[in-house]
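Report on one structure; see the data block that follows.
The values are calculated or read from the model by the stated rules, or taken from the named source; none is laboratory data. None of these values were measured; they are calculated from a predicted model. Positions of Cβ are generated from backbone atoms using ideal geometry, with glycine treated the same way; all protein chains shown enter the neighbour counts. For the accessible areas, the whole protein counts, side chains as well, though only heavy atoms, and no ligand, DNA or RNA atoms are used. Shrake-Rupley method; radii C 1.70, N 1.55, O 1.52, S 1.80 Å.
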Amino acid sequence: MSGTPMTDAAGNQFTPSATFSTDDGQRDIALVFIGDSFVAGVGDEKALGWTGRVLARTDLGQSVVAHYNLGLRGETSGGVAERWQTEGAVRFRDASERRLVVQVGHGDVMAGTSIARHRLNLANVLDEASSQGVATFVVGPPPAAEPGTNEGIRQIVEAQRDVCDRRGVTFVDTFTPLVGHDQWESDIAASADGIHPGQAGYGLIAWLVLHHGWGDWLG
């Protein structure tokens, strides 16, 4: 069910993230991951990325879980705002419990998307999802190898944190713990494109997600 509409500091009305009550019955969950190449797990030789590693360590008992990875290389927040509705709808169709995980940011920095537009795109995704009874979870973008790119990502992370905090949506910051992290930087340096990590880097993102609200969010 969705929360009661609220108003933020700027006077904009929004609805907190949808929540679900659980009982002794079997849960039927559709879990959709949407975002950019980090969601898709580009660069991971094991083809797991962070999403596969998180799912491998997620125990939902006897629940029926259908999970879908809709990561797209170069995706922006505007693309997510458009795609989640059409691509998510067919995957949420028959599920009684619908959950959406979003990770985006690098594409917006590369495309020169303004912070205001990024905020609006993310807010629209979260508000529209909540109005449709879809619970949301946001994972921030990880750091890049270039300091200039990282400054842009840092601004996006703060914008995402604020948008999520205002809506009671769980936000996992992967940028702050990993920027300057030796293992992360060495993994990026050893990668084929200098952008995406390998197994170690995706393992670090997975650890952050698992230890920052994932279990509570899934109930």
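A compact table of results
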quantity: Of the criteria (1) without any contact (Cβ under 8 Å) to a residue 60 or more places away in the chain; (2) of a type outside the set (A, V, I, L, M, F, W, C); (3) part of a helix (DSSP H, G or I), which one Ser130 fails; calculated: (1)
quantity: Whichever residue in segment 190-211 is in a loop (DSSP other than H, G, I, E, B) and either among the acidic types (Asp, Glu) or open to solvent by 60 Å² or more (accessible area, probe 1.4 Å) (or both) and, among such residues, is nearest to His106 (Cα to Cα); calculated: Ile195
quantity: Subset of segment 149-189 that is touching a helix residue (DSSP H, G or I) at 6+ places or on another chain (Cβ under 8 Å), part of a helix (DSSP H, G or I) and among the acidic types (Asp, Glu) - its residue that is least open to solvent (accessible area, probe 1.4 Å); calculated: Asp187
quantity: Segment 154-166 residues that are in contact (Cβ under 8 Å) with a residue 24 or more places away in the chain, paired with ones that are surrounded by fewer than 16 Cβ atoms within 10 Å (Cβ to Cβ) (beta carbon under 6 Å, 6 or more apart); calculated: Gln155/Ile115; Ala159/Ile115; Arg166/Asp8
quantity: Counted residues, segment 86-127 - those being assigned to a strand (DSSP E or B) and open to solvent by 20 Å² or more (accessible area, probe 1.4 Å); calculated: 1
quantity: Subset of segment 55-76 that is closer than 30 Å to Ala159 by Cβ and out of contact with any strand residue (DSSP E or B) (no Cβ under 9 Å at 6 or more places or on another chain) - its residue that is surrounded by the most Cβ atoms within 10 Å (Cβ to Cβ); calculated: Thr76
quantity: Residues of segment 83-113 that turn out to be within 25 Å of Gly168 (Cβ to Cβ) and of a type in the set (Gly, Ala, Ser), as a count; calculated: 5
quantity: Candidates Ala123, Ala89, Ala81, Ala116 - the one that is under 21 Å from Gly152 (Cα atoms) and without any contact (Cβ under 8 Å) to a residue 24 or more places away in the chain; calculated: Ala116
